[in-house]
Amino acid sequence: MTKTVRYIFVLVALLLTFVGAQDSYLSDQASNPETTDGVARLLHYLPEDMPIQVFIPETLEGKHETVRRALEAWQEAVPELIQFEFLDNLSQNALLVTWQELEVGKIGSYQYTYSVLPDGQYRFRATDIFLDSSLDDDTLYRYALVQVGHALGLLGRSSFEGDAMSQSPSGTISERDKATLRALYAVPSGTPLF
């Protein structure tokens, strides 16, 4: 894919950010330039990487199902893009949900990796979601939605109240959340964001 075509994709995606009720916050979703060759990039799963394999250890009563509901909510919100396969055992490429005590003020975290394909696209893969097991179910669900959003490529947060990905997560995947994920997946993974 030529640089010109990539720039056109980016322009179209950025236009989607500013158009109508289906507005998005795509411009806030780029990778940290320090982790992607000095350039902020839009990263996401490739269609051939679906379904995303997920392993959630059943180590804490009830917490497993709360996180599974968050994964299923994203799948139901954008079924044309996202599918999950829940595993009974951990496999090498599965997204692993891990329970741990996090530093003060942190409720969840995630990790990802990527590789650059011969055609220049970036193959994105979330490796881990970390959640604080001491959270009540409502708070766990809201922050699990955030971490799943990050694991899908929404690497930033929304500045709009009422979004699942906002600084104060709503616990509901909004139309703006869906529009942002659709805009992200409309451009090639690894597209630079200027």
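Of the residues making up the stretch 109-167, those that are among the hydroxyl-bearing types (Ser, Thr, Tyr), free of Cβ contacts under 8 Å to residues at least 40 places away in the same chain and not in a loop (DSSP other than H, G, I, E, B) are Ser109, Thr113, Ser115, Thr127, Thr139, Tyr143, Ser166.
Among the residues making up the stretch 38-88, those that are part of a loop (DSSP other than H, G, I, E, B), open to solvent by less than 30 Å² (accessible area, probe 1.4 Å) and under 15 Å from Tyr185 (Cβ atoms) are Leu43, His44, Tyr45, Leu46, Val78, Ile82. When the residues of the stretch 166-194 are narrowed to those that are β-branched (Val, Ile, Thr) and in contact with an Asp or Glu (Cβ under 9 Å, 6 or more places away or on another chain), which ends up most open to solvent (accessible area, probe 1.4 Å)? Among residues in the stretch 166-194 that are β-branched (Val, Ile, Thr) and in contact with an Asp or Glu (Cβ under 9 Å, 6 or more places away or on another chain), the one most open to solvent (accessible area, probe 1.4 Å) is Thr172.
So for the stretch 117-132 (the condition being over 22 Å from Leu42 (Cα atoms), surrounded by fewer than 21 Cβ atoms within 10 Å (Cβ to Cβ), touching a Gly at 6+ places or on another chain (Cβ under 8 Å) and not aromatic (Phe, Trp, Tyr)), does at least one residue qualify? Yes, that holds for at least one residue.
Residues Val39, Val67: which one is under 16 Å from the mean Cα position of the chain (by Cα) and among the β-branched types (Val, Ile, Thr)? It is Val67.
Output yes when any residue across the stretch 164-184 is at pLDDT below 90, of a type in the set (D, E, K, R) and under 25 Å from Thr36 (Cα atoms), and no when none is. The answer is no; no qualifying residue exists.
Under the condition of being more than 18 Å from the chain's Cα centre (by Cα) and surrounded by 13 or more Cβ atoms within 10 Å (Cβ to Cβ), the residues counted in the stretch 91-115 number 2.
The values are calculated or read from the model by the stated rules, or taken from the named source; none is laboratory data. Since we're looking at a predicted model, the values are computed, not measured. In this analysis, Cβ positions are derived from the backbone assuming ideal geometry, glycine residues included, and neighbour counts consider all displayed protein chains. With ligands, DNA and RNA removed, areas are computed over all heavy atoms of the protein, side chains included. Shrake-Rupley method; radii C 1.70, N 1.55, O 1.52, S 1.80 Å.
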